[in-house]
Amino acid sequence: MFILLFEHMDNIHQMNGMKKNLYIIALIFCGLNLNAQITINSSVLPTIGDTTKVISQNNAGAAGITAAGENQSWDLSNLIVGSVQQTIFLSPTEGTQVAAFPGATLLTIAGANETYYKVENGRLFNLGYSGIDPAGLGLQIKAVYNPALQEIKTPLTYGSELAYSSKLVLPFGYDQLPDTLVALIPIQFDSIRLKLQTDISDVVDAWGQMTTPSGTFDVLRTTRKTISTTGLEVKVGVFPWFDVSALIPIPGLAGTTHSTSYLYQTNGIKSPIAEITSDSAGTTALRTTYYANDVISATNNLPKGKSAISIFPNPSYGEVNFNLTGLTAGRYTIKIFNIVGKEILAVSDFVHGNGVILADLSAFAKGTYIYTLLDESNQVIATKRLMVVTP
């Protein structure tokens, strides 16, 4: 009888031990899930004084394009450690065009362009910008999104779906346009306007861990599909606005484009851990931009509100100086394009810190041109406008 009692008690202890082990295993798995599947909160929203640093690489990031699903692992640790692009969030009062963007709470400056933002109710809105027109026509504009273009929404959870739209309508007078553009329009007109419609669809379709050269992070992934429609219209006398987009031979000026991008976010960091821009089908990585933490030393830190390049004189004719500042040692190339996107000139030189690259524009026709500074890996550092005049 005592033997049976002891055997019964021993069985109870074994069963309790098994239950305890199962309970511990369950806790471990639950803990892992809680740590990995995060909710993006307002800590990702920028404030005045914040600085974001990112690095971009073309034709990279394919490992981040996967099917939707839970508990994934994305390894982008083989991305290059190149020049860091720095963005500083300023008070909007530091901008020259703040009056055109009422309600703005933040400002960023890139060369001649000022972009105004508003943070409200857990969201970041792009109010618009002042600078070179988005179609690359070389026009100086003030562009106000209507309604404001939403860029970040919090809280953001796995399974969330969002859709939003915005548009720009940019009118210009005849005398505001460069002669090279006027010559392309086959009819006489009084006014011209550029129309841009943006439609965005976001789906938070995956979560897991992402590894980049900056570390490993728990992330949510948003798959973003963007449809952009651009057109150019002119007005003649009392007649209605007339679409002339198809009549002007400027590649990419008119029509509709589709793009897909993948954004990986984690809490406490004001830029995505990675953003992969792909083809319209969402299957081929075209460009990846990733968060650069302070451990990375190959930085290109520019003075606040200034770009890495300027030109003197501007307007220009003949020989000009491209002044470069704050660059890491390497070979840099300056490319000049006309307003139809054709490359007219390319010059390059080795620069360490500050430097000057000379160019001769005496063979250029009068008009507006775009110049771009690229580093050794062909990454764009800055793009600005120059005017060529005749003596």
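The values are calculated or read from the model by the stated rules, or taken from the named source; none is laboratory data. Model, not experiment: these values are computed from the prediction. As a convention, Cβ positions derive from the backbone with ideal geometry for all residues, glycine included, and neighbour counts pool all protein chains shown. All accessible areas refer to the heavy atoms of the entire protein, side chains included, with ligands and DNA or RNA removed. Shrake-Rupley method; radii C 1.70, N 1.55, O 1.52, S 1.80 Å.
Here are some notes:
- Filtered residue count, region 185-220, keeping only those that are out of contact with any strand residue (DSSP E or B) (no Cβ under 7 Å at 6 or more places or on another chain) and under 30 Å from N71 (Cβ atoms): 2
Yes or no, residue by residue, for (1) over 27 Å from the mean Cα position of the chain (by Cα); (2) outside any loop (DSSP other than H, G, I, E, B); (3) farther than 27 Å from Y369 by Cβ; (4) of a type in the set (A, V, I, L, M):
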site	(1), (2), (3), (4)
N146	no, yes, yes, no
L149	no, yes, yes, yes
S165	no, yes, yes, no
I185	yes, no, no, yes
T226	no, yes, yes, no
T229	no, yes, no, no
F239	yes, no, yes, no
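- Exclusive hit being within 30 Å of I248 (Cα to Cα) and open to solvent by less than 40 Å² (accessible area, probe 1.4 Å), set G318, G355, G330: G318
- Residue among S73, S56 that alone is in a strand (DSSP E or B), open to solvent by less than 60 Å² (accessible area, probe 1.4 Å), hydroxyl-bearing (S, T, Y) and more than 22 Å from A104 (Cβ to Cβ): S56
- Number of positions in region 88-102 that are closer than 25 Å to T154 by Cβ and open to solvent by 50 Å² or more (accessible area, probe 1.4 Å): 1
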